[in-house]
1. Look at segment 1-48 and say how many of its residues are under 18 Å from residue 69 (Cα atoms) and surrounded by 12 or more Cβ atoms within 10 Å (Cβ to Cβ).
2. Can you name every residue in segment 61-99 that is part of a strand (DSSP E or B) and over 16 Å from the mean Cα position of the chain (by Cα)?
3. Restricting attention to segment 1-40, report how many residues are in a loop (DSSP other than H, G, I, E, B), touching a strand residue (DSSP E or B) at 6+ places or on another chain (Cβ under 7 Å) and in contact (Cβ under 8 Å) with a residue 24 or more places away in the chain.
4. Looking only at segment 110-121, which residues are out of contact with any strand residue (DSSP E or B) (no Cβ under 6 Å at 6 or more places or on another chain) and assigned to a loop (DSSP other than H, G, I, E, B)?
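None of the figures in this text is laboratory data; all of them are computed from the coordinates on show. Values in this document were obtained by computation on a predicted structure and should not be read as measured data. Positions of Cβ are backbone-derived with ideal geometry, glycine not excepted, and every protein chain shown enters the neighbour counts.
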């Protein structure tokens, strides 16, 4: 909220992110607050986004965006005849931009889809093996 003095109140909540320091109740103009994304979320740092919000004349300015991770469970992979190329985990979490390599279970073959998929802001097309 804007204060009459040109100062800002506490910084706003940002989806999937927290401030890296304890917040204050009041900030002077030009003071900035740094945010970090939750675990496995990816901070966008290309224009117009950054990791900071800045108090300017009583208002918080700036844009922060955290991209969601992808998750895949063993149950979902079983339904699609898949397994991880690299074994050993019950559920995988991958950050935005990560490439995951699947393989077909023994006796099954890929049905028209690439076995290497990329996580895109929480979405990933899972291959199908039959």
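1. Let us first name the residues in segment 1-48 that are under 18 Å from residue 69 (Cα atoms), namely 14-18, 35-45.
Next cut, surrounded by 12 or more Cβ atoms within 10 Å (Cβ to Cβ) only: 14, 16-18, 35-38, 40-44.
Residues in segment 1-48 being under 18 Å from residue 69 (Cα atoms) and surrounded by 12 or more Cβ atoms within 10 Å (Cβ to Cβ): 13 in total.
2. Keep residues of segment 61-99 that are part of a strand (DSSP E or B), which gives 61, 66-67, 70-73, 82-84, 91-94, 99.
Hits for segment 61-99 are 61, 73, 82, 83, 84, 91.
3. Final tally of qualifying residues: 11.
4. Taking segment 110-121 and keeping what is out of contact with any strand residue (DSSP E or B) (no Cβ under 6 Å at 6 or more places or on another chain), we get 111-114, 120.
Within segment 110-121, 111, 112, 113, 114 meet the criteria.
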